[in-house]
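The values are calculated or read from the model by the stated rules, or taken from the named source; none is laboratory data. Computed from a predicted model, the values in this text were never measured in an experiment. When we count neighbours, we look across all protein chains shown, and the Cβ atoms used for this are built from the backbone with ideal geometry, even at glycine. Surface areas here come from the heavy atoms of the whole protein model, side chains and all, with no ligands, DNA or RNA. Shrake-Rupley method; radii C 1.70, N 1.55, O 1.52, S 1.80 Å.
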Amino acid sequence: MIAIIDYDAGNLKSVEKALAKMGEQTIVTRNPQEILSADHVILPGVGSFADAMENLKKYQLDAVIHEAVEKKIPFLGICLGLQLLFESSEESKGVEGLNILPGKILRIPNKEGLKIPHIGWNSLNFPNKGRLFEGIDEEAYVYFVHSYYLKADDPKIVTATTQYGTTIHASVEYKNVFACQFHPEKSSDVGLRILKNFASVRKEEF
């Protein structure tokens, strides 16, 4: 069972539908017992960093997420879900993230000819190819929608990058924690393969 964390953020349904298409059993929930007994946990989301952190705290899901990570349940953050795993975001000054991984979320720099938010397909490079990208070729295209991007403190956890006015850390992996700035659920066959790779990770590996 894959638990999709419900904290009133957008994009939960498209993740649920993509996983159902692959034959995966899912539950959209904010119940701590259901999350902590799941085989995998996904934190999706679109929206504001500050609102998301406020909702996670309101439903006491911040503590549940930390417990799930500590229990070594394979955990995947998607888009805003990636950003929340880090320390802070320029979008919401003074708001602390979950602090599960070291790094900060920065605004994509203004450059002539670049539209912000960044919406569309970009290719990936693999500085440290992680388990999410098994069977996926370098320069594969995935779908992004974001105005802010990750700059991770530790380059060793960065498994995919893309270029959009700057180098964007597009995916990370550290032990049982995985995250993507892009939307695998909206990235056609490549995205479904990424979700399948995540679903095949087992807790016993950690």
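If you go through segment 1-14 and keep only what is buried (at least 16 other Cβ atoms within 10 Å of the Cβ), in contact with a helix residue (DSSP H, G or I) (Cβ under 7 Å, 6 or more places away or on another chain) and not in a strand (DSSP E or B), you end up with D6, Y7, A9. Only residues that are open to solvent by less than 80 Å² (accessible area, probe 1.4 Å) and not in a loop (DSSP other than H, G, I, E, B) were counted across segment 167-206, and they come to 22.
Which residues, counting only those in segment 15-69, are assigned to a helix (DSSP H, G or I), without any contact (Cβ under 8 Å) to a residue 24 or more places away in the chain and under 16 Å from E185 (Cβ atoms)? Those that are assigned to a helix (DSSP H, G or I), without any contact (Cβ under 8 Å) to a residue 24 or more places away in the chain and under 16 Å from E185 (Cβ atoms): E16, A20. Return yes or no: is L101 within 15 Å of V41 (Cα to Cα) and either crowded, with 21+ Cβ neighbours inside 10 Å or in contact (Cβ under 8 Å) with a residue 60 or more places away in the chain (or both)? So L101 does not fit the description; no.
Look at (1) over 25 Å from M53 (Cβ atoms); (2) surrounded by fewer than 20 Cβ atoms within 10 Å (Cβ to Cβ); (3) among the aliphatic types (A, V, I, L, M) and you find that V145 fails only one, number (1). Taking the condition touching a strand residue (DSSP E or B) at 6+ places or on another chain (Cβ under 8 Å) and open to solvent by 40 Å² or more (accessible area, probe 1.4 Å), does Y164 pass? For Y164, the condition - touching a strand residue (DSSP E or B) at 6+ places or on another chain (Cβ under 8 Å) and open to solvent by 40 Å² or more (accessible area, probe 1.4 Å) - is not met. Are any residues in segment 104-121 aliphatic (A, V, I, L, M) and either under 16 Å from C180 (Cβ atoms) or exposed (fewer than 15 other Cβ atoms within 10 Å of the Cβ) (or both), and if so, which ones? Correct list: I105, L114, I119.
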